[in-house]
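To start, the structure under review is shown below, and the notes come after it.
Please treat every number below as a calculation from the coordinates, not as lab data. Values in this document were obtained by computation on a predicted structure and should not be read as measured data. Glycine also receives a Cβ, built like all others from the backbone with ideal geometry; neighbour counts cover every protein chain displayed.
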Amino acid sequence: MLTDNAIQILKARYLLRDAKGMVRESPDQFFRRVAKFIASAEEVDRGPWETQFYKIMASLEFLPNSPTLMNAGLPNGQLSACFVLPIEDSLAGIFTTLRNAALIHQSGGGTGYNFSKIRPKDDPVSSSGGKSSGPIAFMKIYDAATEYVKQGGKRRGANMGILNVDHPDILEFITSKTDGNSLQNFNISVGITDDFMHAVKNQENWKLINPRTGKAQKTVKAAHIWNSIVHEAWKMGDPGLIFLDAINKNNPNPKQGSIQSTNPCGEVPLLDFESCNLGSLNLTKVLIKDGGKVKINWSRLETGIQIAMRFLDNVITVNHYFIPQIKNISTANRKVGLGVMGWAESLLFLGIPYASEEAVNLAAQLMEFIKIKTYESSKALAQERGVFLSWEESSYAPNKPMRNATCNSIAPTGTISVIANTSYSIEPLYALAYKRVGVLEDQTQTEINPIFMEKMQQFGLWNQKIKAEVLQSGSIQHIPSIPTEIKKLFETSLEIPWEYHLLHQRAFQKHTDNAVSKTINLPEGITIKEISEIYQKAWEYELKGITIYRDNSKTRQVLQKCNFNNAAEC
């Protein structure tokens, strides 16, 4: 059953329109269109697979990434969510990549880049006798172009910009968004190495290397760079960190090169020109009541994984690739990323507080199961269809046949979570009642969590007074009449200690072959010292990346916990 919010988003972004701009398909026709096109990859049993794909989407048990939903069945439909493009140290290379990025954004995809090959600002340019503008200047050009090329004609493009921590312009990069106006279409992250982290820990000097010459241009205190990073992250939420050594330690195709970038939200580390196709299982749909107690239906989850993995592999086959290099490497490696959404709401059904060891342990158990079953599905697909083309030079050879170089990824599941009417990805609830601003340009969607209301009614605690309190604050922690154990179960994102945010990310990352997109949402009063501790702990946990956001550190934020009766406060 689709909610009003889901139908609003489907009409705005996903349902096909006629020449006059009028919606010309129903949500049911929409799911059937996608299922039919993805099933066209099947050489036998096409009809039964089309039915399976339709059922798993229409039941909201699984949804693929937005470009697949938007473009499946359209002429030259581009279905991938995420791409990484190379940035070379030449004007021709920089603007060729900009052209390719514009085409990707127009088709609904997002792009990641590492700008570290570009020579630093004021470095000599021998061909013109002038001086280099530096990587940040070119990032601003990319940002301006993105502003005017909407993704799939539906939303503004998304970018990840990375600069390695040994680049001479790293301090300028760290503060490149500090004015609150620059690089609005970029997430930015510093490419961090283990050597740098050891240098910070040991209070050592750090050499900044000119990429043009390969020689040290200057030396600074590693701690100076680190302090700048954590201060800006506290101030603006940017930059995040990308841990390059952790990423490349798990690179399944090391002979193709090292991975230097990720997609815009960090959940998919990719080689140059690689794309990835993502999908997410709705965990709330695989819960059953057994003897009055809610449990995970592991058998149903396994069946969903098998269908979803086949769906995602088919996407690679029927996808339209408008850049030859992207087609070559994407079809050679066949990377997919199956993840989850609805984790927080599943914990509510199970009666397990997010900030508990029980929740963290279940997260690890769940994701280990998903990884095992996705690998089994990929192996079965390999036996049916053949291994991915570059398999022989991958880390799987010679004894582990696989159809896909990667199988898992924890994406943020922004709009597909709204369609599925469940909580985002593995995030805790942001609030029990909140406004969602900016998902549909400047439209506002309001939401009171339905599971919260259902549970409160079961406990006999739901009344108009408590409803008014929740609408006012988005929380129940300040209400004396509610028992402590109920308050614990319904702690929201800003009320959960950051330690548990990180423990959940670590539990999922341990069994995810790509990466985990998670925002460590923090209360406004968090200190810079605590941000430093969070970033340090993320490296110690061997995460592949880390992003934090301190509440109200930006003038505009997508999720806002505020009074429903006073929209001006938002």
Just in the range 66-144: which trypsin sites (Lys or Arg not before Pro) are loop by DSSP and have at most 10 other Cβ atoms within 10 Å?
none
At a threshold of 8 angstrom on Cα-Cα distance, excluding pairs fewer than six apart, so keeping six or more, what relative contact order does the chain reach in percent?
15 percent
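Is the shape of the range 45-101 best called rounded, prolate or oblate, per the rule: a/c under 1.5 gives rounded, else a/b larger than b/c gives prolate, else oblate, with a ≥ b ≥ c the square roots of the Cα gyration tensor eigenvalues? All intermediate terms of the calculation are to be shown ahead of the outcome.
Details: a/c = 4.14, a/b = 3.08, b/c = 1.35.
The shape class here is prolate.
Would you mind getting me the FRET efficiency between SER356 and THR3? Use the beta-carbon distance for r and R0 = 35 Å, nearest 0.05. Please report the intermediate quantities before stating the final value.
Details: r = 29 Å, r/R0 = 0.83.
Result of the calculation: an efficiency of 0.75.
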Answer with one residue from ILE104, ILE174, ILE451: the one whose Cα lies farthest towards the positive end of the charge dipole of the chain, charges on Cβ with Lys, Arg +1 and Asp, Glu -1.
ILE104
Explain nothing, just compute: Karplus ³J(HN,Hα) = 6.51 cos²θ - 1.76 cosθ + 1.60, θ = phi - 60°, for every residue of the range 338-351 in order, whole Hz, x for Gly and Pro.
8, x, 9, 9, x, 5, 4, 5, 4, 4, 4, 4, 6, x
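Looking at this model, which pairs from LYS131/LYS327; LYS293/LYS335; LYS285/LYS400; LYS131/LYS221; LYS467/LYS537 are more than 30 angstrom apart at the alpha-carbon?
Numbers: LYS131/LYS327 36 Å; LYS293/LYS335 38 Å; LYS285/LYS400 32 Å; LYS131/LYS221 27 Å; LYS467/LYS537 38 Å.
Cα-Cα > 30 Å for LYS131/LYS327; LYS293/LYS335; LYS285/LYS400; LYS467/LYS537; rest within.
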Please compute the alpha carbon radius of gyration of the range 263-412, then divide it by the globular-protein estimate 2.2 N^0.38 Å. Two decimals is fine.
1.15
What three numbers, in Å, describe the spread of the alpha carbons of the range 118-186 along their principal axes, ordered from the longest?
42, 26, 20
Non-local amide H neighbours of ILE188 (under 5 Å, H modeled in plane, Pro and chain starts lacking H): which ones?
GLY161, GLY240
What lysines could a cross-link reach from LYS20, if we take a straight Cα to Cα line under 21 Å and drop same-chain neighbours fewer than 8 places away?
LYS11, LYS150, LYS154
For the table LYS371/LYS488; LYS249/LYS518; LYS518/LYS544, the rows whose alpha-carbon distance is greater than 19 Å are LYS371/LYS488; LYS249/LYS518
Just the number, please: Stokes-Einstein D of the range 459-552 in µm²/s, Kirkwood Rh from C-alpha pairs, 10 °C, 1.306 mPa s.
104 µm²/s
Taking every C-alpha to C-alpha distance in the chain and binning by 10 Å from 0, the per-bin percentages run 3, 17, 28, 28, 17, 6, 1, 0
From the phi of every residue in the range 402-407, what ³J(HN,Hα) in whole Hz does the Karplus formula 6.51 cos²θ - 1.76 cosθ + 1.60 yield, where θ is phi - 60° and glycine or proline is x?
9, 7, 10, 5, 9, 10
Hey, can you rank 104-115, 213-224 by average C-beta count inside 10 Å, highest first?
104-115, 213-224
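Order by neighbour count: HIS167, HIS501, fewest other Cβ atoms within 10 Å first, most last.
On the way: HIS167 27, HIS501 23.
Arranged by neighbour count, lowest to highest, HIS167, HIS501 become HIS501, HIS167.
Residue separation times 0.36 nm, minus the C-alpha to C-alpha distance between ARG99 and TYR148: what's the value? The partial results should precede the final answer.
Working: separation 49, 0.36 × 49 = 17.64 nm, distance 1.29 nm.
Gain on stretching ARG99 to TYR148: 16.4 nm.
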Where a Cα-Cα gap under 16 Å defines reach, which lysines qualify for LYS289, not counting those fewer than 8 residues away within the same chain?
LYS455
For the range 82-262, what ratio Rg/Rh do Cα atoms give with a Kirkwood hydrodynamic radius?
0.96
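Sorted by packing (mean other beta-carbon atoms within 10 Å per residue), highest first, where do 78-84, 486-492, 284-290 land? All intermediate terms of the calculation are to be shown ahead of the outcome.
Numbers: 78-84: 28.1, 486-492: 19.1, 284-290: 15.9.
So the order, starting with the most tightly packed, is 78-84, 486-492, 284-290.
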Gap in Å between the Cα centre of the range 19-83 and the Cα centre of the range 345-403?
24 Å
Amide proton proximity set for GLU542, modelled H, under 5 Å, gap of 5+:
none
Determine ³J(HN,Hα), in whole Hz, for all residues of the range 223-239 in sequence, where each value follows from phi through the Karplus function 6.51 cos²θ - 1.76 cosθ + 1.60 and θ = phi - 60°; x replaces Gly and Pro.
5, 5, 5, 4, 5, 5, 4, 5, 5, 5, 4, 5, 6, 10, x, 10, x
Shape descriptor, the range 355-501: equivalent ellipsoid semi-axes (Cα gyration tensor, sqrt 5λ, whole Å, largest first) stand at 42, 19, 13
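With a 10 Å radius around each residue's Cβ, average the other Cβ atoms per peptide and rank 266-277, 25-36, 66-77, highest first. Mind dumping the intermediate values first?
On the way: 266-277: 26.8, 25-36: 18.0, 66-77: 19.6.
So the peptides 266-277, 25-36, 66-77, ranked by packing, come out 266-277, 66-77, 25-36.
Can you tell me the dipole magnitude for the chain around its Cα centre, using point charges on the Cβ only (Lys, Arg +1; Asp, Glu -1), in Debye to the nearest 20? Please list the in-between numbers first.
Details: 62 positive and 57 negative charges, 174 e Å.
Roughly 840 debye, rounded to the nearest 20.
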For TYR549, residues with placed amide H under 5 Å, excluding near neighbours:
ILE520, ASN521, LEU522
So which trypsin sites (Lys or Arg not before Pro) in the range 232-270 are both in a DSSP loop and have at most 15 other Cβ atoms within 10 Å of their Cβ?
none
List the GluC sites (Glu not before Pro) in the range 132-221 that DSSP assigns to loop (not H, G, I, E or B) and whose Cβ has at most 15 other Cβ atoms within 10 Å. Which are they?
GLU204
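At a Förster radius of 45 Å, what calculated FRET efficiency corresponds to the Cβ-Cβ distance of GLN458 and ALA12, to the nearest 0.05? Walk me through the numbers before you get to the answer.
Details: r = 35 Å, r/R0 = 0.77.
E(calc), rounded to 0.05, equals 0.85.
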